[in-house]
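The values are calculated or read from the model by the stated rules, or taken from the named source; none is laboratory data. Just so we're clear, the structure is a prediction, and the values are computed from it rather than from any experiment. Neighbour counts are summed over all protein chains in view; Cβ atoms, including those assigned to glycine, are modelled from backbone coordinates with ideal geometry.
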Amino acid sequence: MLPNQRLKQCLPLKFKNGSQVRQFSKPCVSCGEMLQANDMFGIARLVENHIAIAAKAHCPKCETEFGVCCIIDDEKKVRRLILPQFAFNLYLRNLPLQAAEIEAAAAPREIEAAVQPASSAPSVVKTPANIQRADEVIGSYQQKPIPAWVVVDGQQLNFDRVSPDAQVAAGEFLLDGCFIYRG
Ligand SMILES: [Zn+2]
């Protein structure tokens with residue numbers, strides 16, 4: 001699960017169409033003071049062509065705390081979501097890394113923050129005899145190239161996702177300790 005952090009740490013976020021969200025502000029529900037991303041603690045993520053935000057805002061002026069739960073589309077239109085901030089926050093933090101986030105190598109801070117401490121449950125991975133990597137690279141993660149597919153013991157598996165904590169499901173293959181491939 002991704003950690004909560006100051007929303008400022010999550011920005012800027014870049015859409016596929018090139019437009020970027022560098023700042024996010026919202027008036028305090030109590031006193032109207034304009035709060036910035038630095039006054040909000042939670043998570044902001046790219047989900048397909050939307051930025052989803054679930055955070056707790058803290059007004060430095062009147063000390064009011066309130067939930068912020070919204071979606072920003074790639075034309076920067078903001079839609080408020082009518083659901084509990086904590087539920088949406090948990091959902092977003094548990095969502096596997098999205099292709100757009102993997103491509104966003106420009107924001108390594110965010111991916112770095114997603115890496116769990118080494119204490120997470122060890123996963124049992126048998127070492128196959130023969131691994132062949134595709135020359136075709138579809139991106140990179142922590143300076144490591146991501147091959148589009150691998151052939152493991154004669155079976156071709158396609159790249160599925162990045163798993164920073166090396167969580168592997170049945171039938172999946174873990175490459176370089178963080179890339180998940182499946183048939
Ligand atoms: Zn206030």
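Do the conditions hold for residue 175, that is, is it of a type outside the set (Lys, Arg), more than 22 Å from the chain's Cα centre (by Cα) and within 19 Å of residue 96 (Cα to Cα)?
Taking the combined requirement at face value, the residue does not satisfy it.
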Of all residues in the range 43-99, which are within 16 Å of the chain's Cα centre (by Cα) and within 16 Å of the ligand (Cβ to nearest atom)? 55
Kindly indicate the residue of the range 167-183 that is assigned to a strand (DSSP E or B) and of a type in the set (D, E, K, R) and also surrounded by the fewest Cβ atoms within 10 Å (Cβ to Cβ) among those meeting that condition. 182
Residue count, the range 42-51, condition in a strand (DSSP E or B) and surrounded by fewer than 20 Cβ atoms within 10 Å (Cβ to Cβ), comes to 2
In this structure, is residue 69 in contact with a strand residue (DSSP E or B) (Cβ under 7 Å, 6 or more places away or on another chain), surrounded by 16 or more Cβ atoms within 10 Å (Cβ to Cβ), farther than 27 Å from residue 96 by Cα and in the same structural domain as residue 85 (by TED's automatic domain parsing)? no
How many residues are outside any loop (DSSP other than H, G, I, E, B), more than 22 Å from residue 2 (Cα to Cα) and within 10 Å of the ligand (Cβ to nearest atom) if we restrict to the range 24-41? 3
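Matching residues to (1) crowded, with 16+ Cβ neighbours inside 10 Å; (2) closer than 17 Å to residue 12 by Cβ; (3) modelled with pLDDT under 95; (4) small (Gly, Ala, Ser):
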{"site": "35", "(1), (2), (3), (4)": "yes, no, no, no"}
{"site": "40", "(1), (2), (3), (4)": "yes, yes, no, no"}
{"site": "55", "(1), (2), (3), (4)": "yes, yes, no, yes"}
{"site": "82", "(1), (2), (3), (4)": "no, no, yes, no"}
Can you tell me how many residues in the range 139-160 are in contact (Cβ under 8 Å) with a residue 24 or more places away in the chain and out of contact with any Lys or Arg (no Cβ under 9 Å at 6 or more places or on another chain)? 11
Residue 2 is checked against (1) touching a Phe, Trp or Tyr at 6+ places or on another chain (Cβ under 9 Å); (2) in contact (Cβ under 8 Å) with a residue 40 or more places away in the chain and fails just one. What number does that condition carry? (1)
For residue 140, only one of the following conditions fails: (1) small (Gly, Ala, Ser); (2) at pLDDT below 65; (3) outside any loop (DSSP other than H, G, I, E, B). What is its number? (2)
